[in-house]
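Q: One structure is given below, represented as structure tokens, and several questions about it will come after.
Derivation of every value follows stated rules applied to the coordinates shown; laboratory data play no part. Just so we're clear, the structure is a prediction, and the values are computed from it rather than from any experiment. Note that each Cβ is placed from the backbone with ideal geometry, even for glycine, and that neighbours are counted across all protein chains shown.
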Amino acid sequence: MKYKRILLKLSGESLMGSKQFGIDNDRINSYAKQIKEIQNIGHEVAIVIGGGNIFRGVQAEEGGMDRTHGDYMGMLATMINAMALQSALESNGVKTRLQSAIEMKAIAEPFIRRKAVRHLEKGRVVIFGAGTGNPFFTTDSAASLRAIEINADVILKGTRVDGIYTADPEKDKNATKYETITFDEVYKKGLNVMDLTAFTLCKENNLPIIVFNMDTPGNLEKVLSGKTIGTLVRN
Ligand code: GTP
């Protein structure tokens, strides 16, 4: 198995499905089913989820709120999504553990790296909530950091687009999708894969990223079975 231990990054905004706000039950269930599928094959799955469907720190700043304060609110938003995903997974019969970067003992274990790894080895899906626990970092950075900490083989970034394009495919009809691209090319071409902090962490630690469309059921399994969907970023 090429990628045994994976870190799956899910976007909070994708959880909205067709709704304007919050969590779409069909969407979160579809995610849970896809995760169950790959876990049954024997992949060890850790997950970081964003919070943009509920709250965004950056927007709060635009409205006059202190950035740090807004970022902490965003971290709480990721916990709401993490709990919803935990529940969706468990109703699909998947064993899970939720760990939070900010201590909230009544609802989640604290983040303890060695415990997280043990959970993975025992076949539990581990969800990491509350980002990195620090303001000024995105959940993409949390995904990179946790992936490196748990020695994941790959980050799978599930998004609404099916990979990385030469230009914005919605604006440029001639845009083509990369099957593979190096970290250096992404820098050089100024392509937007993750924020630079998150991206650089992956590059420096030689952790490949696969960007793919998670909203098409079955895609997660296809990516891991080596089908050429999405875009692979590597050194
Ligand atoms: P093992 O060490 O493999 O037995 O792992 P385990 O997670 O089954 O053991 P543990 O006894 O630590 O946890 C039992 C349950 O309690 C699990 O559902 C954990 O997620 C949960 N749990 C453990 N620590 C905490 C905590 O600090 N807060 C909360 N809310 N739940 C916790």
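Q: Just check the range 107-157 against the gyration tensor rule for me: Cα atoms, a ≥ b ≥ c as the square roots of the eigenvalues, rounded for a/c under 1.5, and otherwise prolate or oblate depending on whether a/b exceeds b/c.
A: Oblate, because a/c is 1.5 or more while a/b does not exceed b/c.
Q: Mean residue ellipticity at 222 nm from the helices of the chain, using -39,500 (n - 2.57) per DSSP H segment of n ≥ 4 over the full residue count, to the nearest 500 deg cm²/dmol?
A: -11500 deg cm²/dmol
Q: Could you please state, rounded to a whole Å, how far the C-alpha centre of the range 66-102 is from the C-alpha centre of the range 155-181?
A: Answer, in whole Å: 28.
Q: Met73 versus Asp195, label points 7 Å from Cα toward the beta carbon: distance in nm?
A: Distance between the two pseudo-spin positions: 1.7 nm.
Q: Starting from the Kirkwood Rh over alpha-carbon pairs, what translational D in µm² s⁻¹ does the range 5-234 have by Stokes-Einstein at 20 °C and 1.002 mPa s?
A: The diffusion coefficient I find is 121 µm²/s.
Q: Among the DSSP beta bridges whose two residues both lie in the range 82-235, what percent are antiparallel, rounded to the nearest 5?
A: Here the share of antiparallel DSSP bridges comes out near 20 percent.
Q: Which whole-number percent is the relative contact order of the chain (Cα, under 8 Å, 6+ apart)?
A: 22
Q: Ok, one more. For the pair Met1 and Glu179, what calculated FRET efficiency results from E = 1/(1 + (r/R0)^6), where r is the Cβ-Cβ distance and R0 = 22 Å, to the nearest 0.05?
A: 0.60
Q: Dipole magnitude of the range 1-71 about its Cα centre, charges +1 at Lys/Arg Cβ and -1 at Asp/Glu Cβ only, in debye to the nearest 20?
A: 460
Q: Another question about this same structure. Structure shown: which of Lys4/Lys227; Lys33/Lys105; Lys19/Lys173; Lys2/Lys227 lie over 18 Å apart, alpha-carbon to alpha-carbon?
A: From the list (Lys4/Lys227; Lys33/Lys105; Lys19/Lys173; Lys2/Lys227), the Cα-Cα distance tops 18 Å for Lys33/Lys105; Lys19/Lys173.
Q: Then there's this: What does the charge dipole of the chain about its Cα centre add up to, to the nearest 20 debye, if the Cβ of each Lys and Arg holds +1 and the Cβ of each Asp and Glu holds -1?
A: Result for the chain is approximately 800 debye, rounded to the nearest 20.
Q: Another question, if that's okay. At a Förster distance of 30 Å, what's the computed FRET efficiency of Arg114 paired with Lys36, Cβ-Cβ distance as r, to 0.05?
A: With a Förster radius of 30 Å, E is 0.70.
Q: Using the count of nearby Cβ atoms within 10 Å as a rough guide to exposure, how do Tyr165, Tyr3 rank from fewest to most?
A: Result, fewest neighbours first: Tyr165, Tyr3.
Q: While we're looking at this one, here's another question. Ranked by Cβ crowding within 10 angstrom, fewest neighbours first, how are Phe212, Phe55 ordered?
A: Phe55, Phe212
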